[in-house]
């Protein structure tokens with residue numbers, strides 16, 4: 001397509017991409033491939049970089065803010081976001097309907113909708129443009145989370161009809177499929193798992209970095225029109241139809257008359273709750289006529305014209321056929337109960353997590369027991385209780401194994417919890433996590449060897465441990481999906497380059513428990529070679545600053561295992577550097593602790609930290625009374641504030657550079 005000028009092309013791209021976004025994120029009916037969307041979006045970004053004066057609020061490029069927020073401002077809701085009174089059975093639903101009929105003097109008409117288990121927000125538009133969004137808070141005052149809400153792709157930035165003001169209410173949620181995908185990645189990265197989609201959505205929407213919020217792929221269901229200047233509506237159903245015409249993703253709903261019809265719809269939603277992409281915890285029953293709502297009014301806490309039917313957790317008995325232990329990607333041993341099949345919340349459940357030994361002992365769960373099972377958060381099956389009067393006489397208390405069931409290495413209990421963890425350096429169950437960590441930027445820094453590539457290398461059988469990386473051939477790597485000859489050659493070069501890394505990176509990359517990036521640097525500087533570290537005793541290790549008894553024990557345990565020694569021997573045979581290459585310039589910063597904060601313009605943060613350490617100092621991540629100096633760059637935040645409160649000297653970058661010279 002040819003354009004007369006850049007303005008015409010930019011307008012076409014904005015309109016076309018917004019239309020495609022609506023088809024994809026709201027209607028779930030994409031018509032162009034992701035590649036084509038990304039290509040056109042990149043072209044728009046290029047034009048906007050060349051002509052920043054032409055950037056408009058509705059541009060799809062403006063959905064993700066570039067700056068981290070300092071905090072959330074309070075937002076006062078012009079129309080309160082009221083909560084609903086809960087009801088729990090058909091009798092209470094009938095009481096509500098009877099009360100509505102009696103008060104109104106006629107048979108009321110109702111809207112019945114699924115109750116999304118998410119985070120309630122208000123969206124404000126002026127002249128058809130999204131200007132502000134806020135959380136519910138206490139219903140009267142919430143938090144301004146506009147920048148994060150812009151990352152929710154199903155929220156329109158502009159509306160077809162340009163009303164002077166429009167405020168709608170919706171529920172932000174994380175789809176179950178997204179929740180499972182994120183948790184799978186967090187497990188691979190060794191991060192704590194999110195508890196449930198609701199908590200995940202709430203935590204994501206309150207991230208101070210909008211880019212993180214964007215990565216969480218949040219969605220929304222709009223369920224109420226709060227205010228519409230210049231428009232009149234008679235019923236709630238009309239408002240939802242209007243909002244759908246304005247390209248909002250609107251909650252599924254039915255308009256019904258009569259108590260029986262309402263009760264049947266509540267039951268139908270419950271039966272089909274797993275068909276929704278989002279979690280629900282009930283159904284909402286609302287009087288449909290808006291003038292009736294006004295006449296009914298509200299109590300001090302709730303509107304009188306609506307109730308929320310809360311579904312009880314479905315519980316059913318099952319028999320524990322066996323208890324098996326799985327080893328996760330972070331080495332944690334997780335016991336699982338194998339159950340007789342039972343139907344719960346729309347799916348067949350055949351197992352339930354038992355978490356750890358403490359959980360098993362507390363509930364006294366044994367093989368052969370009859371147990372009561374429910375789904376926690378409608379997702380994860382869990383055992384609620386044991387029916388001990390039905391316990392077989394032969395049932396024995398269960399204890400966790402002392403060695404890893406996958407590789408046979410000893411298991412240890414975490415100091416800060418009840419988890420048991422495999423200590424095997426080459427445990428197949430931990431392979432993905434260990435390899436991803438080994439290749440990560442702060443460890444061996446193998447560019448192009450991220451989780452997706454590691455997964456392919458493992459699945460193809462090309463690598464079984466970190467040492468195998470150094471025997472890879474470009475021709476084999478090029479056969480992997482989406483690699484090609486050039487990418488394969490770049491990966492091989494990055495692997496080769498990593499051989500010359502400082503010893504500290506290798507120590508950190510080995511993934512020894514309790515040994516982080518900073519401790520690895522201390523160990524490398526103190527011992528100089530990996531052989532010397534391997535020969536050190538726990539007593540010798542504890543004499544080093546920043547190495548306590550627990551860390552020393554973990555180091556000795558790891559380096560004494562045959563799996564670890566075999567891996568290190570193979571790395572040495574591959575010519576991976578085993579000595580410290582870090583040069584000690586002098587000791588002018590000996591005994592000093594520096595904290596870097598804000599955006600540094602003269603140094604990148606890693607370089608500045610290295611310069612401090614090369615001069616005998618320490619670079620810490622938080623400000624305390626032990627901090628000697630704080631180096632403050634642009635937009636310094638809470639660390640600078642704390643430094644001023646504690647009276648700690650604050651250096652500019654120029655002053656810091658002068659100290660280095």
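The values are calculated or read from the model by the stated rules, or taken from the named source; none is laboratory data. This one's a predicted model, so the numbers in the text were calculated from it and none came from an experiment. Note that we place each Cβ from the backbone using ideal geometry, even for glycine, and neighbour counts take in every protein chain shown.
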Query raised in the report: Taking residue 602 and the conditions (1) surrounded by fewer than 17 Cβ atoms within 10 Å (Cβ to Cβ); (2) at pLDDT 85 or above; (3) within 16 Å of residue 653 (Cα to Cα), which numbered condition does it fall short on, given that it satisfies the others?
Result: (2)
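Just checking, how many residues over the range 206-227 are in contact with a helix residue (DSSP H, G or I) (Cβ under 8 Å, 6 or more places away or on another chain) and closer than 27 Å to residue 112 by Cα?
Total meeting the criteria: 6.
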Report task. Go through (1) modelled with pLDDT of 95 or more; (2) more than 20 Å from residue 297 (Cα to Cα) and name the single condition residue 99 misses. Result -> (2)
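Which residue, of 547, 522, is at pLDDT below 95 and not in a helix (DSSP H, G or I)?
The unique qualifying residue is 547.
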**Report entry** Among (1) part of a strand (DSSP E or B); (2) out of contact with any helix residue (DSSP H, G or I) (no Cβ under 8 Å at 6 or more places or on another chain); (3) modelled with pLDDT of 95 or more, the one test that residue 291 misses
**Finding:** (1)
Requested in this report: Any residue in the range 606-624 that's outside the structural domain of residue 521 (by TED's automatic domain parsing) and under 20 Å from residue 585 (Cβ atoms): show its pairings with residues that are in a helix (DSSP H, G or I) and at pLDDT 85 or above at Cβ separation under 6 Å, as long as the two are six or more apart or on different chains.
Outcome: 611/660; 619/609; 619/612
Query raised in the report: Looking at 201, 228, which is the one that is closer than 30 Å to residue 300 by Cβ, under 10 Å from the mean Cα position of the chain (by Cα), at pLDDT 90 or above and buried (at least 17 other Cβ atoms within 10 Å of the Cβ)?
Result: 201
Query raised in the report: Of all residues in the range 605-628, how many are surrounded by fewer than 20 Cβ atoms within 10 Å (Cβ to Cβ) and within 15 Å of residue 643 (Cα to Cα)?
Result: 7
Requested in this report: Inspect the range 457-465 for any residue being touching a helix residue (DSSP H, G or I) at 6+ places or on another chain (Cβ under 6 Å), in contact (Cβ under 8 Å) with a residue 12 or more places away in the chain, closer than 25 Å to residue 526 by Cβ and not in a helix (DSSP H, G or I) and give the result as yes or no.
Outcome: no
Query raised in the report: How many residues, within the range 497-518, are surrounded by 19 or more Cβ atoms within 10 Å (Cβ to Cβ) and in a helix (DSSP H, G or I)?
Result: 8
Query - the range 629-641, residues that are touching a strand residue (DSSP E or B) at 6+ places or on another chain (Cβ under 6 Å), in a loop (DSSP other than H, G, I, E, B) and surrounded by 13 or more Cβ atoms within 10 Å (Cβ to Cβ) - result: 633, 636
Query raised in the report: So which residues in the range 575-617 are farther than 26 Å from residue 499 by Cα and in a strand (DSSP E or B), if there are any at all?
Result: 593, 594, 595, 596, 597, 599
Query raised in the report: Any idea which of (1) in contact with a strand residue (DSSP E or B) (Cβ under 9 Å, 6 or more places away or on another chain); (2) over 30 Å from residue 234 (Cβ atoms) is the one residue 42 doesn't satisfy?
Result: (1)
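Where residues in the range 205-225 are at pLDDT 95 or above and more than 12 Å from the chain's Cα centre (by Cα), which of them is farthest from residue 79 (Cα to Cα)? Talk me through it step by step, then tell me what you get.
In the first step, residues of the range 205-225 are kept if they are at pLDDT 95 or above; the result is 218-225.
Subsequent filtering for residues that are more than 12 Å from the chain's Cα centre (by Cα) retains 219-225.
Values: 219: 23, 220: 20, 221: 19, 222: 16, 223: 15, 224: 11, 225: 10 Å.
Going through the qualifying residues, I end up with 219.
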Query - Whichever residue in the range 403-420 is within 16 Å of residue 556 (Cβ to Cβ) and modelled with pLDDT of 85 or more and, among such residues, is surrounded by the fewest Cβ atoms within 10 Å (Cβ to Cβ) - result: 410
Report task. Restrict the check to the range 21-43 and report whether at least one residue is farther than 25 Å from residue 131 by Cα, at pLDDT 85 or above, touching a helix residue (DSSP H, G or I) at 6+ places or on another chain (Cβ under 7 Å) and part of a helix (DSSP H, G or I). Result -> yes
Query raised in the report: Out of the residues in the range 642-661 that are in contact with a helix residue (DSSP H, G or I) (Cβ under 8 Å, 6 or more places away or on another chain) and part of a helix (DSSP H, G or I), which is nearest to residue 586 (Cα to Cα)?
Result: 660
Report task. Restricting attention to strands (runs of 3 or more DSSP E) lying wholly within the range 301-374, give those where 3 or more residues are surrounded by fewer than 16 Cβ atoms within 10 Å (Cβ to Cβ) and in contact with a strand residue (DSSP E or B) (Cβ under 9 Å, 6 or more places away or on another chain). Result -> 316-327, 332-344, 347-353
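Would you tally the residues in the range 541-555 being surrounded by 18 or more Cβ atoms within 10 Å (Cβ to Cβ) and farther than 30 Å from residue 631 by Cα?
4
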